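A short write-up of the structure that comes next.
The values are calculated or read from the model by the stated rules, or taken from the named source; none is laboratory data. Everything numeric in this text was worked out from a predicted model, so none of it was measured. Glycine also receives a Cβ, built like all others from the backbone with ideal geometry; neighbour counts cover every protein chain displayed. Note: areas computed on protein heavy atoms with side chains; ligands, DNA, RNA excluded. Shrake-Rupley method; radii C 1.70, N 1.55, O 1.52, S 1.80 Å.
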Amino acid sequence: INNTSHNNSIGFFINSTKIENIVIRNNIVWGSTSTIIFGTGVPSSKYTVDHNLSTVDPKFVNPAAGDFRLQNGSPAIDGGSSTNAPINDFSNKPRPQGNGYDIGAFEFQTP
């Protein structure tokens, strides 16, 4: 929940038929060859995938320099779910800021 994956070959890969209650929520997977992959035989009744961002540019501040904070106007702002979301973001800022929880590791901070 609330992770950021950038320029990896795969964002998330689940390949066990013995999984229980896997939740992939509020994550950004950007610049990766594949986003979320489930192996053969992984039971769909055992996982939840929602409120993730992988098909549109999340508008990171400066990903080349490792700055994955969100720019103003990012589609990740207020697009997440509060369900099981951490109370603080990756930089220990409280969630939510604004009208809702953001997708990804960083909650948008108004400059």
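The table below lists the values:
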item: In sequence order, calculated HN-Hα J values of region 59-72 (Karplus, 6.51, -1.76, 1.60; Hz; x Gly/Pro); result: 6, 5, 5, 7, x, 4, 9, x, 9, 9, 5, 8, 7, 4
item: Nearby lysines by direct alpha-carbon distance to Lys46 (threshold 23 angstrom, same-chain neighbours under 8 apart not counted); result: Lys18
item: Å² of accessible area per residue within the chain, as computed with a 1.4 Å probe and no ligands counted; result: 57 Å²
item: Surface share of carbon and sulfur [accessible, 1.4 angstrom probe, percent] for the chain; result: 47 percent
item: Extension gain (nm, one decimal) between Ile1 and Asn72, 0.36 nm per residue minus Cα-Cα; result: 23.4 nm
item: Computed FRET value (nearest 0.05) for Ala64 with Lys93, which takes r as the C-beta separation and R₀ as 30 Å; result: 0.85
item: Probe 1.4 Å - accessible area at Glu20, Å² to nearest ten; result: 110 Å²
item: Qualifying lysines (Cα of each under 24 Å from Cα of Lys93; at least 8 residues distant if same chain); result: Lys59
